[in-house]
Amino acid sequence: MRAMDLEVSAATDVGRKRERNEDSMLEDRALGLFVVCDGMGGHAAGEVASARAIEAVRAIVAAGLGAVPSAPIEAARDAMASLMRRAVDEANRAVHALGRESHARRGAGTTCTALLLRDGLAALAHVGDSRLYLARRDRINQVSHDHTFVAEGLRRGMIRPEDAKDHPHGSVLIKAVGTQAKVEVDTLVFDVLPGDVLLLCSDGLHGYFEDPRELHQHLIGALPGTAERLIAVANERGGKDNVTAVAIRIAPPRQASSELARRASEVQEAFDAVRHIVLFSDLSHPELLALLELLKTETRQAGDLLVEERTASEAMYVLASGRAEVLRKGQKIAELHAGSHFGEMALLTQRGRSASVRALEPCRLLVLGREAFGKLLATHPLIGVKFLWRLAQVQSLRLDDASELLAQPASPAAVEANGPATLPLGAMPAPFRR
């Protein structure tokens, strides 16, 4: 795989309250590897743990990167995710071994947020509460999940947002690298585009930026000195912890190409299409990225039959671009535009399609097959719960609407006018935090 053209600003600081800097960072542009680790443990164990973790991650990635294919894209994604998971698994083994080497270092651990950038892809491996942010155009989103007691409670609806800020267990980690013999590693592979800025940082930094939009303001300008400026803000606001920031901008290629422009357009189209679909409306940004990782892309020409009435299939479709018509018994009953979806019940049943869908113009489809859906449920159960919650609501409201229409027949114009308004008016708010 090929390295990418990158601009980097990286720095770490002890802060204003600590005697030692237990944060460690790695900036290896040749590998495209960037890591932030925040160590923990007395008697200098934290700084040893974070440094040991970074050494292990770098060694595994350097040894295994040559075996990662550039194509097909699905194989590249899987290989990058596997490599990064193995790297953090090895870091966990190396840090856990510190306790056997020295009694004073028993229980030492570290967070680890590691990012590999190659061939337009970013592969994240993450444990703890250091973070990865992605700034794209006028938006910034946290890509990693915090593995803290409070963050997990918020995600599962067990803690209210208004109670989170001053919660007594706000900084308690539920998992870290090295504290146990095994650790579950979050991995995610996603597309990156020229102009994107990625920020890896320890909690000593992000703890002083409650509104991510403030971080965004620091990242959209010239990159040199950005890490130092962010650290200065954290220190001015208290500097109670060690502070580390690694900011990376994906530089435009030296020679622009139509292929790159096409890919950038398709990546943005896909994201825009799924984030506006009601079935995915409860998903957080990293959950949307995990979903996109499993979607396959198909292109169809005008006149092509996308699905056929009464024929069974095993996929849900999202129209990323183009237009299509819905036909029942040969009669047009609806028209679909970019951002529309159809076929979601095929993920759950084997009944034939209730209607046909035909392309009116060239279309690009995002396809969630039943096998991929099963993988999503197994690897990201909370995404599955959120999706099924919304699907149950949509189906319940459709059933209510159908019952009302049977009781009091209405004109087609009234059905069209009143039907779509049912969902926002009738659906209960989801018990999830995005």
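May I ask you to verify whether Ala359 is in the same structural domain as Glu314 (by TED's automatic domain parsing), modelled with pLDDT of 90 or more, farther than 15 Å from Asp304 by Cα and of a type in the set (Gly, Ala, Ser)? Full working, then the answer.
Numbers: in the same structural domain as Glu314 (by TED's automatic domain parsing): yes; modelled with pLDDT of 90 or more: yes; farther than 15 Å from Asp304 by Cα: no; of a type in the set (Gly, Ala, Ser): yes.
Spelling it out, it is not the case that Ala359 is in the same structural domain as Glu314 (by TED's automatic domain parsing), modelled with pLDDT of 90 or more, farther than 15 Å from Asp304 by Cα and of a type in the set (Gly, Ala, Ser).
Quick check on my filter: what residues within region 119-138 are part of a strand (DSSP E or B) and either among the aromatic types (Phe, Trp, Tyr) or over 14 Å from the mean Cα position of the chain (by Cα) (or both)? Even if it seems obvious, please write down each step before you answer.
Initially, region 119-138 is screened for residues part of a strand (DSSP E or B), giving 121-127, 131-136.
Within region 119-138, Val127, Tyr133 qualify.
Residues checked against (1) surrounded by fewer than 18 Cβ atoms within 10 Å (Cβ to Cβ); (2) over 24 Å from the mean Cα position of the chain (by Cα); (3) closer than 30 Å to Lys375 by Cβ; (4) assigned by TED's automatic domain parsing to the domain that holds Leu289:
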| site | (1), (2), (3), (4) |
| --- | --- |
| Lys165 | yes, no, no, no |
| Val177 | no, no, yes, no |
| Val189 | no, no, yes, no |
| Leu199 | no, no, yes, no |
| Arg213 | yes, no, no, no |
| Glu236 | yes, yes, no, no |
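Which numbered condition in (1) closer than 22 Å to Gln268 by Cβ; (2) under 21 Å from the mean Cα position of the chain (by Cα) is the only one that Lys375 fails?
Looking at each condition in turn, Lys375 falls short on (1).
Testing Glu371 on (1) buried (at least 16 other Cβ atoms within 10 Å of the Cβ); (2) modelled with pLDDT of 90 or more; (3) in a helix (DSSP H, G or I), one condition comes back false. Which one is that?
Tallying (1) buried (at least 16 other Cβ atoms within 10 Å of the Cβ); (2) modelled with pLDDT of 90 or more; (3) in a helix (DSSP H, G or I), Glu371 fails exactly one: (1).
Within region 102-118, which residues are within 25 Å of Val61 (Cα to Cα) and either assigned to a helix (DSSP H, G or I) or under 18 Å from the mean Cα position of the chain (by Cα) (or both)? Full working, then the answer.
Filtering region 102-118 down to residues within 25 Å of Val61 (Cα to Cα) leaves 108-118.
Correct list: Cys112, Thr113, Ala114, Leu115, Leu116, Leu117, Arg118.
I'm checking my understanding of the structure. Among residues of region 309-339 that are assigned to a loop (DSSP other than H, G, I, E, B) and free of Cβ contacts under 8 Å to residues at least 24 places away in the same chain, which one is surrounded by the most Cβ atoms within 10 Å (Cβ to Cβ)? Please lay out each step first, then the result.
Pass one, region 309-339, residues assigned to a loop (DSSP other than H, G, I, E, B): 310-314, 322-323, 329-330, 337-339.
Next, from what is left, pick out any that are free of Cβ contacts under 8 Å to residues at least 24 places away in the same chain: 329-330, 337.
Numbers: Lys329: 8, Gly330: 7, His337: 11.
The extreme case among them is His337.
Which of the residues that make up region 27-59 are under 21 Å from Asp146 (Cβ atoms) and in contact with a helix residue (DSSP H, G or I) (Cβ under 7 Å, 6 or more places away or on another chain)?
Step one: of region 27-59, the residues under 21 Å from Asp146 (Cβ atoms) are 34-41, 46, 49-50, 53-54, 57.
Within region 27-59, Val35, Cys37, Asp38, Gly39, Met40, Gly41, Ala49, Ala53, Val57 meet the criteria.
So which pairs qualify, if the first residue must be in region 81-95 and of a type in the set (A, V, I, L, M, F, W, C), the second must be surrounded by fewer than 18 Cβ atoms within 10 Å (Cβ to Cβ) and assigned to a helix (DSSP H, G or I), the Cβ gap must be under 9 Å, and the two must be at least 6 apart or on different chains?
Leu83/Gly64; Leu83/Ala67; Ala87/Ala59; Ala87/Gly64; Ala91/Glu55; Ala94/Glu55
Only one residue in Ala91, Ala44, Ala59, Ala71 is within 26 Å of the chain's Cα centre (by Cα), modelled with pLDDT under 95 and hydrophobic (A, V, I, L, M, F, W, C). Which one?
Numbers: Ala91 fails: modelled with pLDDT under 95; Ala44 fails: within 26 Å of the chain's Cα centre (by Cα); Ala59 fails: modelled with pLDDT under 95.
Step by step, each of Ala91, Ala44, Ala59, Ala71 is checked, and only Ala71 is within 26 Å of the chain's Cα centre (by Cα), modelled with pLDDT under 95 and hydrophobic (A, V, I, L, M, F, W, C).
Taking Ala91 as the residue in question, decide whether it is outside any strand (DSSP E or B), of a type outside the set (Val, Ile, Thr) and touching a Cys at 6+ places or on another chain (Cβ under 7 Å). Break it down stepwise before answering.
On the way: outside any strand (DSSP E or B): yes; of a type outside the set (Val, Ile, Thr): yes; touching a Cys at 6+ places or on another chain (Cβ under 7 Å): yes.
Answer is yes for this residue.
Applying the selection to region 105-127, what residues are surrounded by fewer than 21 Cβ atoms within 10 Å (Cβ to Cβ) and either acidic (Asp, Glu) or closer than 22 Å to Leu205 by Cβ (or both)?
Asp119
Would you mind stating whether Arg358 is more than 25 Å from Leu288 (Cβ to Cβ), among the basic types (Lys, Arg) and buried (at least 18 other Cβ atoms within 10 Å of the Cβ)? It would help to see each step written out before you state the result.
On the way: more than 25 Å from Leu288 (Cβ to Cβ): yes; among the basic types (Lys, Arg): yes; buried (at least 18 other Cβ atoms within 10 Å of the Cβ): yes.
When the stated conditions are applied, Arg358 passes them.
Consider Leu124 carefully, then state whether it is out of contact with any helix residue (DSSP H, G or I) (no Cβ under 8 Å at 6 or more places or on another chain) and of a type outside the set (Ser, Thr, Tyr). Lay out the reasoning, then the answer.
Numbers: out of contact with any helix residue (DSSP H, G or I) (no Cβ under 8 Å at 6 or more places or on another chain): no; of a type outside the set (Ser, Thr, Tyr): yes.
When the stated conditions are applied, Leu124 does not pass them.
Got a number for residues in region 52-93 being closer than 16 Å to Ala123 by Cα and acidic (Asp, Glu)?
Here the count works out to 3.
Kindly provide the set of residues from region 376-419 that are surrounded by 11 or more Cβ atoms within 10 Å (Cβ to Cβ) and at pLDDT below 65, ordered by number.
Ala410, Ala414, Val415, Glu416, Ala417, Asn418, Gly419, listed by residue number.
Would region 206-213 turn up any residue that is among the hydroxyl-bearing types (Ser, Thr, Tyr) and without any contact (Cβ under 8 Å) to a residue 60 or more places away in the chain?
Step one: of region 206-213, the residues among the hydroxyl-bearing types (Ser, Thr, Tyr) are 208.
Narrowing the set further to residues that are without any contact (Cβ under 8 Å) to a residue 60 or more places away in the chain leaves 208.
Yes, that holds for at least one residue.
What are the residues in region 296-334 that are charged (D, E, K, R) and either assigned by TED's automatic domain parsing to the domain that holds Asp191 or under 31 Å from the mean Cα position of the chain (by Cα) (or both), if any? I'd like the intermediate steps shown before the answer.
Filtering region 296-334 for residues charged (D, E, K, R) gives 296, 298, 300, 304, 308-310, 314, 323, 325, 328-329, 332.
The answer is Lys296, Glu298, Arg300, Glu314, Arg323.
Tell me whether region 145-163 contains one or more residues that are part of a loop (DSSP other than H, G, I, E, B), in contact with a Pro (Cβ under 8 Å, 6 or more places away or on another chain) and within 20 Å of Ile383 (Cβ to Cβ). It would help to see each step written out before you state the result.
Taking region 145-163 and keeping what is part of a loop (DSSP other than H, G, I, E, B), we get 145-147, 156-160.
Remaining after also requiring in contact with a Pro (Cβ under 8 Å, 6 or more places away or on another chain): 145, 157.
After this cut, where a residue has to be within 20 Å of Ile383 (Cβ to Cβ) as well, the list is 145, 157.
Yes, region 145-163 contains a residue that is part of a loop (DSSP other than H, G, I, E, B), in contact with a Pro (Cβ under 8 Å, 6 or more places away or on another chain) and within 20 Å of Ile383 (Cβ to Cβ).
For region 350-368, which positions are under 15 Å from Ser313 (Cβ atoms) and assigned to a loop (DSSP other than H, G, I, E, B)?
Listed by number, the residues that qualify are Gln350, Arg351, Gly352, Ser354, Ala355.
The values are calculated or read from the model by the stated rules, or taken from the named source; none is laboratory data. These figures come from a predicted structure and were not determined experimentally. In this analysis, Cβ positions are derived from the backbone assuming ideal geometry, glycine residues included, and neighbour counts consider all displayed protein chains.
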